[in-house]
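A quick write-up on the structure given underneath.
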Amino acid sequence: MRLTWRGFCAILFAVSVLLAGGGVFWYTRKPNVASYQVSSLLVLPAFLMVLVWLHSRLPLRVQWVAAWALVLVGPIGYLVFGGSQWWNWGQLTPLPLILLAVARSPDEEASGITLPDAPWGPP
């Protein structure tokens, strides 16, 4: 049996979800510095995979609106409800907006628009 790219991605996603679940479980049971740092690292791959999946399926306008709404949810949730869970997971809420702001579309790269290399570029 040969493993396809789609099958490999499915296995990779399943492993990342299992690791994320373990990290979340550990942090919810014992919120401290070590569990916070490890759970953040374990959640990040699954979170990024979901963001990439959504980015390929949702219209760009919907992505921007959802990203701005999510940015507001984290700090407001922490201010209203407080607690270690809002503090920890609220820090991930700006990530979709940051990724949308710094990502370049293939159209921009294909258009031939390039930024100058400044004084450190080739002559």
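Every read-out reported here was derived from the displayed coordinates using simple, explicitly stated rules and does not represent laboratory data. Since we're looking at a predicted model, the values are computed, not measured.
By what distance, in whole Å, do the Cα atoms of segment 1-75 stretch along each of the three principal axes, largest value first?
Between the extreme Cα coordinates on each principal axis of segment 1-75 lie 41, 40, 13 Å.
Please work out how much length the chain gains when fully extended from Q91 to K30, using 0.36 nm per residue of separation minus the C-alpha to C-alpha distance, in nm with one decimal.
20.1 nm
Return the sequence-ordered ³J(HN,Hα) values of segment 47-56 in whole Hz as given by the Karplus equation 6.51 cos²θ - 1.76 cosθ + 1.60 applied to θ = phi - 60°, using x for Gly and Pro.
With coefficients 6.51, -1.76 and 1.60, one gets 4, 5, 5, 5, 4, 5, 4, 5, 4, 7 Hz.
Need the full-extension length gain, F13 to I98, defined as separation in residues times 0.36 nm minus the C-alpha distance. One decimal, nm.
On the way: separation 85, 0.36 × 85 = 30.60 nm, distance 2.24 nm.
Taking F13 through I98 to full extension adds about 28.4 nm, to one decimal.
Starting at the first residue of segment 85-91, write each ³J(HN,Hα) from the Karplus equation 6.51 cos²θ - 1.76 cosθ + 1.60 with θ = phi - 60°, in whole Hz, x for Gly and Pro.
Values per residue, Gly and Pro as x: 5, 5, 5, 5, 6, x, 6 Hz.
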